[in-house]
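The values are calculated or read from the model by the stated rules, or taken from the named source; none is laboratory data. All figures in this text were calculated on a predicted structure; none of them were measured in a lab. We work out accessible area using only protein heavy atoms, side chains counted, and drop any ligands, DNA or RNA first. Shrake-Rupley method; radii C 1.70, N 1.55, O 1.52, S 1.80 Å.
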Amino acid sequence: MSVADSVGSNRTATATQAISKKMVRTTMESLDRIDRDILALLQAEGRLTGAEVGRRVGLSQPAASARIQRLEKNGVITGYRADVDPAALGLNIHAILRLRTTHAQLPRALDLASRIPEVVSTLRVTGEDCLIFDVHCPQAGRLEEVVDALARYGPATTSLVLRAYPTKPLTGTTSTTS
């Protein structure tokens, strides 16, 4: 890569970062308390009607529905889903698998993980590990197979989850801890 290419690439990256920061700032500034309340409600109870959301936040059904549609259109609300209890499906073993790999192996590890049904989420992280996988298996033998398959791409560390605590809703607010 030439110096000119490098400078051009750095300018593009800087411009992209500035645009991303501006978009985040605009989104954060455009959310008021009612929007944040709506987000918290829908994350806790995604099947609420517009009328019920409006009642709980002090708006009419049309006003609440319009806000929900704006949040969807602006990409703040990206979808709705059902939360499923893995144990009810016979997936009694919950593990976190951390994988340390090389950049050359990363695409292959991601591809394999996407094809393993027991891997329900994947995070690319900084630090010593490269990837963190959330894994649900019916039994220890299947967990061993998943670990062995992914460990082909580098050292793997597995931790069993003893208990999962409820997630908190994302509302875009920050607070200090006391």
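Whole-Hz Karplus values for segment 42-50 come out as 5, 6, 7, 9, x, 9, 5, 7, x Hz, taken residue by residue from phi with 6.51 cos²θ - 1.76 cosθ + 1.60 and θ = phi - 60°; glycine and proline positions read x. Over the Cα atoms of segment 40-163, compute the convex hull volume and normalise it per residue, giving Å³. In segment 40-163, the Cα convex hull volume per residue is 146 Å³.
Per residue, the solvent-accessible area of segment 33-142 (1.4 Å probe, heavy atoms of protein chains only, all protein chains present) comes to 61 Å².
Please express the shape of segment 99-178 as an equivalent ellipsoid: the semi-axes are the square roots of 5 times the eigenvalues of the C-alpha gyration tensor, given largest first in whole angstrom. Let's see the in-between values first.
Details: eigenvalues 140, 63, 28 Å².
Equivalent ellipsoid of segment 99-178: 26, 18, 12 Å, largest first.
On the protein heavy atoms, probe 1.4 angstrom, tell me the percent of accessible surface of segment 118-178 carried by carbon and sulfur. Each step should come with its number before you reach the end.
On the way: 2370 of 4450 Å².
Answer for segment 118-178 is 53 percent, counting heavy atoms of protein chains only.
Protein-only accessible surface at a 1.4 angstrom probe places the residues Asp32, Asp85 in the order Asp85, Asp32, largest first.
Evaluating 6.51 cos²θ - 1.76 cosθ + 1.60 at θ = phi - 60° for every residue in segment 113-123, the Karplus couplings come out as 4, 5, 9, 9, x, 6, 7, 9, 7, 9, 10 Hz, glycine and proline recorded as x.
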